[in-house]
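Visitor: Supplied in structure tokens, the structure appears directly below.
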Amino acid sequence: MTISNPGKKPTGRSMRPVGLFISTLCLILFAFGCNPDSDDEQITFDRGPFLENTVQAVILPAYSNFAAQCEALHNATEECIAGEINDQDIASLREVLRLTYLSWQHAALFDFGPAADRALSLTTNTYPTDTAEVIDEISNASWTPGLPATLNSIGLPALDYLLNHAPAEEVADLMNSSPARFDHFKRLIVFLEEESNNVLSAWENGFSSNFISNTGTEEGSSIGMLLNSFNEAYEQGIRKQKLGLPNGIMTFSETPQPQLVEAPFAETWSIELMHEALIGCENFYFGDRVQGDSQQIGLDDYLKSLGNFEYGLGLHNEITGQLSTAKAAVLTMHDPLGQYVVENQEATYEVFAELQALVVLWKVDMMSSLGVLITYQDNDND
Amino acid sequence: MVSVAPLITLRRFFAALILFSSIRFIGKGWIDTQIISPIWLFPFDGFEWLPRPNLQATIGLFAGMIVGGISLLLGKVQRLGALLFLFCFTYIEVLDKSNYLNHYYFITVIAFLFVLIPARSQQQKVPRLSLWSFKLIIAIVYFYAGLAKLNSDWLLNAQPLCLWLPQHSSLPLLGPLFKLKQTAFVFSWMGAAFDLLAPFALFSNRWRPFFYPILVVFHILTWLLFPIGVFPWVMIACTTVFFRDEWHQKFWKLWPWTSAHLPDAEQPASHSSDWNLETKTVLVVFLIFQMIFPWRHLTHEGSLFWHEYGYRFGWRVMLMEKSGYTTYFVENSAGDRQVFPIEKFLTPNQLKMVGAKPDLVVQAAHLIREHWKDKNNEKVKVHAEVWATLNGRRSQLMIDPFVDLASIQNDWSDRNYVLPLDSVVRPKQFWQLKDSLEHAHR
């Protein structure tokens, strides 16, 4: 066994490391050898271009569409003549509000940076709205929107209430007979418009470029904020709030809570909004423009580039399939959703399971495949 | 008897690093995020009784670490200083498992040795065992880290490096290489070989001069690629204890304006000291313990990376990309269930750890039961549905979802509540079967 001359003690001892080293080299060559499909294992994903595309093709369009819809809503109120509002005006206001609600579903996924600074999600879509408080604020001349105390009576849910709580003629009559009511309706819209513009301009003036250049993976890095916020928005904002709370699945008594659906007064919007939110997630995942163009760099490209493995292409295919399944499952329900969760609770549980499956795919499998060690502190033992 | 010189260097380097590390901890704001602001902490098993320090006490503990560090650096009342440091540091360390780091444990072990082993420059000669204790610990760290890499994930699938390295493809020079899967294989095998060879190469006078530069490059690379804190610098500094006496003499002569130089080794050993039998016994027992303790997982079946019984305190470094998603359910006496919003009670880091570490899943279940009892005056069972992924595997159920986790104790027994690895059930399959499974379970 001893290769060296036993007379030279140091050499004898040190031959062992050399032997080990040579056998290691052989093993490394062996490792190359058992890696047959090395041609297509070039992983081409850089965080820089990914962030840039996500900002240009997903986030900025989401905020600018939302801001444009808020402006359109404001313009629509300007076209109404106070005191002479008719049911046609109400119908067109309702249509613009529906579009605004839909555009919000895309912007809601990115609750960090300027949106978090201005608490945009809270001021825009805290629901259920406190209808008594909305009525009280009508006569409050010194009403200041955006204060924490007003969150339950502002934003899209308050507008849904004021515009949809009764037939169009009745809403028009109420607005005409109470000028303060129409004024308050406008105040709510102006605030919504201001906030949407504030966040959009913060993104356009400086935040975008900082965001794109911050390619690290520590806590507070762009990729960390983006993925954490997306996962949170999906898990809490979509799965739980839009369906899990109304259908009662998360509570002991499992009593449905029809008043907790999104846009309950419109009665015909809830499912469309849930579906639109899933389209928003899809756009983010594929890195595509809202209109759809699968050529751009998104999370899908990263998973595909990992190769034909369970954690690469296999995962991508499952996410794609599950997104379609979840969207289809949402559309099997019927509005008004508040009534549906009461009458068909079991069926809504199945839809919930389809939504929940995406939480696991995105939060666990995808995050792990991305290998983004979002670091909150040192970590050497994983 | 051997020269004290390597011990002096080790003591000074170690002290400088623990001082830096303590100040870095404060500077990063971790006193607040890891100790003060978390609602719940996850103490190590057996330390649940330890009072949780408030801000003043925490500052006191850090002050103790700094005073102890300075005493070690200057070599004044060294053993008492080491004891002070050890106490304060370990107190913070055992408060929360979710902050566990191998290098924190390494610091604890070395500090403990400095409590037993004096390293005064006046001594000149010290018992051979005192130097060997440190060398042996460092050899164990490398060798055991290497042995831990000898598993199929690491060697045959180059996991988790396959998932981690591509993130660095934008680095200059080496960046493009990190996109290649081959690079992950080369790094995995080289890493394992490096760890296994390190003890032999460090002990060998002939190979050490060639190996040490490799060691420095290796650790700096890990420092650049992974968020492992000061660990690389600790190892680069501490491995100098293997160097020849003359190197240490020369090194400290480079600082003539300080009093750092060591007394001439040629002088007669006027102050050489030996220790009493008790100290020697404690030391030997401690070293044997260090060799055996990391193997405690062998008494338990199943995948170590999955059930994690005996995973900590074993020099298992950077071996897993493991994360999970945990939904807790509380079940009242009527058998009704409700989701418990765990995310409102944990820091992001704790949440991450509770998704991946079975003993933390159990600890959180106990905290949930206590919280529910305090708040609602109602005794509940606590179940968890944990979907976890390990080294590129698809997510799978990690914990038996029908077991009342609040009735389980973290102890030395088998973790039967952990499901076997690779028992793959997809989430939707499970939810479809859940009711009938649960019925069968009852």
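The values are calculated or read from the model by the stated rules, or taken from the named source; none is laboratory data. What you see is a predicted model; the values in this text were computed from it and never measured. Reconstructed Cβ throughout: ideal geometry from the backbone, glycine too, with neighbour counts over all protein chains shown.
Visitor: Would you mind telling me which numbered condition in (1) more than 21 Å from the chain's Cα centre (by Cα); (2) within 11 Å of chain A (Cβ to nearest Cβ) residue B:196 fails?
Guide: Every condition holds for residue B:196 apart from (1).
Visitor: Taking the residues in the stretch B:368-381 that are within 14 Å of chain A (Cβ to nearest Cβ) and not basic (Lys, Arg) as candidates, determine which candidate is nearest to residue B:36 (Cα to Cα).
Guide: Ranking the qualifying residues of the stretch B:368-381, first place goes to B:372.
Visitor: State which residue is farthest from residue A:351 (Cα to Cα) when the search covers only the stretch B:395-424 and only residues that are surrounded by fewer than 14 Cβ atoms within 10 Å (Cβ to Cβ) and within 14 Å of chain A (Cβ to nearest Cβ).
Guide: So the residue we want is B:422.
Visitor: Would you confirm whether any residue within the stretch B:31-40 is among the acidic types (Asp, Glu), within 14 Å of another protein chain (Cβ to nearest Cβ) and more than 30 Å from residue B:276 (Cα to Cα)?
Guide: So in the stretch B:31-40, the residues among the acidic types (Asp, Glu) come out as B:32.
If we keep only those that are within 14 Å of another protein chain (Cβ to nearest Cβ) as well, we get B:32.
Of the ones still in play, those that are also more than 30 Å from residue B:276 (Cα to Cα) are B:32.
Yes, that holds for at least one residue.
Residues are listed down the side, and each one gets a yes or a no for (1) part of a helix (DSSP H, G or I); (2) within 22 Å of residue B:191 (Cα to Cα); (3) in contact with a Leu (Cβ under 8 Å, 6 or more places away or on another chain); (4) free of Cβ contacts under 8 Å to residues at least 12 places away in the same chain:
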| position | (1), (2), (3), (4) |
| --- | --- |
| B:279 | yes, no, yes, no |
| B:283 | yes, no, yes, no |
| B:289 | yes, no, no, yes |
| B:294 | yes, yes, no, no |
| B:301 | no, no, no, no |
| B:305 | yes, yes, yes, no |
| B:314 | no, yes, no, no |
| B:317 | no, yes, no, no |
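Visitor: Now for a separate question. Is it the case, given these coordinates, that residue B:321 is over 28 Å from residue B:299 (Cβ atoms) and either charged (D, E, K, R) or surrounded by fewer than 20 Cβ atoms within 10 Å (Cβ to Cβ) (or both)?
Guide: no
Visitor: Follow-up. Of the numbered conditions (1) outside any helix (DSSP H, G or I); (2) under 19 Å from the mean Cα position of the chain (by Cα), residue B:142 fails exactly one; give the number of that condition.
Guide: The failed condition is (1).
Visitor: If I ask for residues that are buried (at least 23 other Cβ atoms within 10 Å of the Cβ) and under 29 Å from residue A:49 (Cα atoms), which ones from the stretch A:236-277 would you list?
Guide: A:238, A:277
Visitor: Collect the residues in the stretch B:335-367 that are more than 8 Å from every other protein chain (Cβ to nearest Cβ), farther than 20 Å from residue B:227 by Cα and part of a loop (DSSP other than H, G, I, E, B), keeping them in residue-number order.
Guide: B:335, B:341, B:345, B:346
Visitor: May I ask you to list the residues in the stretch B:273-330 that are more than 19 Å from the chain's Cα centre (by Cα), more than 13 Å from chain A (Cβ to nearest Cβ), within 20 Å of residue B:393 (Cβ to Cβ) and not polar (S, T, N, Q)?
Guide: Hits for the stretch B:273-330 are B:301, B:302.
Visitor: Any residue in the stretch B:232-258 that is in contact (Cβ under 8 Å) with a residue 40 or more places away in the chain and within 17 Å of residue B:15 (Cα to Cα) sitting within a Cβ distance under 9 Å of a residue that is in a helix (DSSP H, G or I) and of a type in the set (D, E, K, R)? List the pairs, counting only those 6 or more apart or interchain.
Guide: Pairs that qualify, where the first residue is in contact (Cβ under 8 Å) with a residue 40 or more places away in the chain and within 17 Å of residue B:15 (Cα to Cα) and the partner is in a helix (DSSP H, G or I) and of a type in the set (D, E, K, R), are B:241/B:135; B:252/B:12.
Visitor: Out of all the residues in the stretch A:210-224, which are assigned to a helix (DSSP H, G or I) and farther than 23 Å from residue B:30 by Cβ? Steps first, answer last, please.
Guide: So in the stretch A:210-224, the residues assigned to a helix (DSSP H, G or I) come out as A:210-213, A:222-224.
Residues satisfying the conditions are A:210, A:211, A:212, A:213.
Visitor: Residues of the stretch A:72-87 being without any contact (Cβ under 8 Å) to a residue 60 or more places away in the chain and either polar (S, T, N, Q) or exposed (fewer than 12 other Cβ atoms within 10 Å of the Cβ) (or both), which ones?
Guide: A:75, A:78, A:79, A:81
Yes/no per residue for (1) under 22 Å from residue A:266 (Cβ atoms); (2) modelled with pLDDT under 95:
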position	(1), (2)
A:64	no, no
A:71	yes, no
A:75	yes, no
A:83	no, yes
A:115	no, no
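Visitor: Now, a different point. Residue B:154 - would you say it is assigned to a helix (DSSP H, G or I), surrounded by 18 or more Cβ atoms within 10 Å (Cβ to Cβ), at pLDDT 90 or above and not assigned by TED's automatic domain parsing to the domain that holds residue B:356? I'd like the intermediate steps shown before the answer.
Guide: Values: assigned to a helix (DSSP H, G or I): yes; surrounded by 18 or more Cβ atoms within 10 Å (Cβ to Cβ): yes; at pLDDT 90 or above: yes; not assigned by TED's automatic domain parsing to the domain that holds residue B:356: yes.
So residue B:154 fits the description; yes.
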